[in-house]
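Notes for the one structure printed next.
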Ligand SMILES: Cc1cc2nc3c(=O)[nH]c(=O)nc-3n(C[C@H](O)[C@H](O)[C@H](O)COP(=O)(O)OP(=O)(O)OC[C@H]3O[C@@H](n4cnc5c(N)ncnc54)[C@H](O)[C@@H]3O)c2cc1C
Ligand SMILES: Cc1cc2nc3c(=O)[nH]c(=O)nc-3n(C[C@H](O)[C@H](O)[C@H](O)COP(=O)(O)OP(=O)(O)OC[C@H]3O[C@@H](n4cnc5c(N)ncnc54)[C@H](O)[C@@H]3O)c2cc1C
């Protein structure tokens, strides 16, 4: 059976889906080949475009009293005094006194170069090889327009060019360009008094601590935190998605009367629907708060209804605070994009990895790519197409891989520039200017991966998203934005070639 | 009147062992340690409970001590020991004579042995290379040095000792030729941060001072005016993400580098190297050591070549040479321990140094020091440390009941109860739900809280007590959860500082293992903390000038939501 498409996109994350959508909207027949869940499973669901101006190295220098980062300095030369230690033997001392200054080196960040209010303004100042510079600021805008249209009512932020500052589950605020509608009432530039609510068993979000942290960050609103028990009998290690399901279904749960939740003595009364029981647990803590924030688990599917019910019960606005893995907002976004792709006619083949490719030429490196090969339990199946998009993600998504000697892109063996010595791949501070954060393929102006000599590897292969090198999305807060903009550009270019 | 009868300097296995032994004999003891307990070599060792097999050819008296103490520790500290068993493996091409010598040596030293064919060896350890010729089975085990050290300190405390961490000895007090105590400087460093204020000095007078400062013993000797020729020798170890072997695997060859793999909890630890260094606090950690361990040991267990390495660490052996020995190669320096009576040796009364030796024989070393000191003090009590179990080790058999009682999922329950020993009941009984905070190592909230009670804001100490943040993710997913447990007892800025410190410490150890999956993990951790939480640009760490008014404060008209707000 010959499987034949116009465009094959390898990787079904944000970049891959946007590339597929963009190509399909131009009329191309598109297939997405994706191995596993994408990074959206653990990303917050916020769509950052650009939160901080380029130079990430500034982060360490700014906080006074903290040593500056010696980029590329080998830890081997620092000796044990700097606290590099032990391991797994239950062992390990803790620190060593001498290491104290170094211990702090680079951990905290400073804000001397604060967040950018308007990301579009700041893009032209990025380094020339930054993916945003490659595709241009107009493409970024178009990508966001496509995103807004594809996600419909699910996302907000399109009414302005300005970044929003969103409270994080750690109690800081983060600049972002698009945020889930469920987050909208929680913005930090809104001055309504706020109550944060955490759950005893949702260990990633400690509401009283986050509230104190936000206060330390100088937010312009009153904020308090309270920890309550999630109503119902759930295991102590029930996944966040399990709690979200209970709210989706509005399951009836038993509720302890007397408000208390702890220990003996609480007499059980009637059962209540989960949403009402939750509101009842929160109510005693309201004390004048006009908005209430929960960790992001307010339903996987019926989110709007969950929010509306909670707001009605509480008489206050309700919002979500995004969390890490498993990220309910990230999963909602993945679902929405997938629906948009399907509606545009994109086909998905998932569950197996692409392992290599076939070319039209005689030698391996000659000609164009004719097909990529998927490994299905040991058997390889070729997928033919005219154009290919590589959107396999970065170090996290498995689009970039490494061993003790080198860093590579595993499917096409595209060149990934990296220092030869693996001790030059990272900085000493946890939040130092890490070279590994910029690992990825280098591309030409049309997003075609380059080989080590600087020539395009294949005329019909383009790369998009985190597999690209040359930007540190964590430092810049630019992850989703780069995936959207380069995804759009790669998808459109692929379709353009198909119809030429 | 002195402040205390005996000051013990050094909170490693030796010092803690000495403190326990003396305290159990009714002696009033104060232990001072410059860092936290296990700050020195004890916290950076390979975790092998020697059967003695390693020394059965070269050093038979050490071998005999090892097998004796190996048996004692199984009795008194079974919650710190896992009797995995071990093999000395001969590969094709390794010398036959040495194998025979090893076998005979073990038998001479009373180490129970059994010869395994290559096939039998591989049945026991399927990942051994196919070129294994035969093997000797010995009773090696894995030992958790931290738990053991803390259990000794806890026992000493129960018997009235004072254990003072973050107290560095800066001077040894003397009156003529009589040592009369020490002067310590208290530090504010991590640790149970309830001790005295940073920078404060304290004079502790004593009838006798025991120098158990390990690789630092020479420096302490110098303060007293005695020459103690410690020759510190560093060794590297590499930790993998899973337990590729279930028994201790030794290469059966004359001494060499990179010849042991020890299974430890959910990991395997590859070791080690042996290079003399000048300063036990400051020496290079070198890439060739990491590469050598992986390359050499994958000859024994080939999948180690592909294994995911989570981190590397180094320790310094406190080797000692009697005056005049001047051995050139550090690997030739004896592994024996030495008790130096400075009254005899240097005409300096009131000071005894214990140095050299091995973790496995710490109790025996402590006993000989305690005998010696008691002789000086005129105390006639007998040593009880070989017979009385350490705190937490009784009642290990009730494991199953604990699991049911606490409603823990089996792996969690098993691990928690193993870690806590007989304290499980006390620690795991809580009012609230007890979720797992560290998924990799299955550490629950109750354990973290219990450890915080003991260690305050020092999350590295909490980590060591509980193993939280020591698994595959190296803390990426749980550092902040641990820090949150400090709140509200400690305020937000203390919790934040503790988090930064732990996160940085976890990062440092990974740097020697940053390739392959661990590099991907590091990228994920970096993203979780920098992207999702924006901890690298935390406005709370800034100058407080963030102008919130310049940012989006929400779309102008949100009909549904406005309605809901007005609805009440
Ligand atoms: C923890 C975390 C938090 C983040 N938080 C934010 C945030 O708050 N805001 C923000 O804007 N950005 C955030 N990001 C960044 C952002 O999520 C990513 O940059 C972006 O999602 C990358 O998308 P992608 O499509 O390029 O790659 P990925 O999402 O990694 O997708 C790659 C896909 O390719 C598949 N694949 C890989 N190899 C193969 C193969 N051989 N064959 C077939 N399929 C393959 C994978 O299975 C996966 O589905 C975060 C990232 C992380 C890791
Ligand atoms: C790489 C390596 C692997 C090893 N593997 C094993 C093994 O598998 N099995 C085994 O049995 N043995 C092993 N050992 C040996 C074993 O670890 C050591 O012999 C043992 O831990 C030494 O304990 P200690 O208490 O004497 O020294 P340490 O643990 O070093 O304790 C000395 C303490 O004194 C403190 N100190 C120093 N100066 C001062 C001062 N001025 N004031 C206050 N305190 C001070 C230090 O901070 C330190 O904590 C290994 C050693 C190394 C280096």
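The values are calculated or read from the model by the stated rules, or taken from the named source; none is laboratory data. Computed from a prediction, not measured in an experiment: that's the story for all the values here. Neighbour counts are summed over all protein chains in view; Cβ atoms, including those assigned to glycine, are modelled from backbone coordinates with ideal geometry.
Miscellaneous remarks
- Residue in the range A:447-455 that is surrounded by 24 or more Cβ atoms within 10 Å (Cβ to Cβ) and closer than 26 Å to residue A:386 by Cβ present: yes
- Condition check for residue A:306: more than 16 Å from ligand 1 (Cβ to nearest atom) and within 13 Å of chain B (Cβ to nearest Cβ): yes
Conditions tested, residue by residue: (1) surrounded by 23 or more Cβ atoms within 10 Å (Cβ to Cβ); (2) outside any strand (DSSP E or B).
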{"residue": "B:71", "(1), (2)": "no, yes"}
{"residue": "B:84", "(1), (2)": "no, yes"}
{"residue": "B:90", "(1), (2)": "yes, no"}
{"residue": "B:102", "(1), (2)": "yes, yes"}
{"residue": "B:123", "(1), (2)": "no, yes"}
{"residue": "B:126", "(1), (2)": "no, yes"}
{"residue": "B:129", "(1), (2)": "no, yes"}
{"residue": "B:155", "(1), (2)": "yes, yes"}
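- Test: residue in the range B:528-538 that is away from ligand 1 (no atom under 14 Å from the Cβ) and either more than 7 Å from chain A (Cβ to nearest Cβ) or in contact with a helix residue (DSSP H, G or I) (Cβ under 9 Å, 6 or more places away or on another chain) (or both): yes
- Some residue of the range B:44-57 being crowded, with 24+ Cβ neighbours inside 10 Å, outside any strand (DSSP E or B), on the phi > 0 side of the Ramachandran plot and within 14 Å of chain A (Cβ to nearest Cβ): yes
- Number of the exception - residue A:297 against (1) more than 14 Å from chain B (Cβ to nearest Cβ); (2) within 17 Å of residue A:187 (Cβ to Cβ): (2)
- Taking the criterion of being touching a helix residue (DSSP H, G or I) at 6+ places or on another chain (Cβ under 9 Å) and more than 6 Å from ligand 1 (Cβ to nearest atom), the residues of the range A:393-413 that qualify are A:394, A:395, A:400, A:401, A:402, A:403, A:404, A:405, A:406, A:407, A:409.
- The condition of being in contact (Cβ under 8 Å) with a residue 12 or more places away in the chain and within 19 Å of residue A:143 (Cα to Cα) holds for only one of A:383, A:473, that being A:473.
- Condition check for residue A:191: free of Cβ contacts under 8 Å to residues at least 40 places away in the same chain, more than 7 Å from chain B (Cβ to nearest Cβ), on the phi < 0 side of the Ramachandran plot and outside any loop (DSSP other than H, G, I, E, B): no
- Residue in the range A:154-164 that is over 23 Å from residue A:123 (Cα atoms) and touching a residue at least 12 places away in the same chain (Cβ under 8 Å) present: yes
- Residues located in the range A:403-420, provided they are in contact (Cβ under 8 Å) with a residue 24 or more places away in the chain and facing another protein chain (nearest Cβ under 9 Å): A:407
- Filter result for residue A:2 (at pLDDT below 95 and either more than 9 Å from ligand 1 (Cβ to nearest atom) or away from chain B (no Cβ under 14 Å) (or both)): yes
- Check on residue A:193, buried (at least 24 other Cβ atoms within 10 Å of the Cβ) and either within 23 Å of residue B:498 (Cα to Cα) or outside the structural domain of residue A:484 (by TED's automatic domain parsing) (or both): no
- Scan of the range A:429-478 for residues that are modelled with pLDDT of 95 or more, in contact with a strand residue (DSSP E or B) (Cβ under 9 Å, 6 or more places away or on another chain), away from ligand 1 (no atom under 11 Å from the Cβ) and not in a loop (DSSP other than H, G, I, E, B), ordered by number: A:436, A:441, A:443, A:449, A:450, A:461, A:462
- Among the candidates B:263, B:254, B:323, residue that is more than 22 Å from residue B:51 (Cβ to Cβ) and either surrounded by fewer than 18 Cβ atoms within 10 Å (Cβ to Cβ) or within 13 Å of another protein chain (Cβ to nearest Cβ) (or both): B:323
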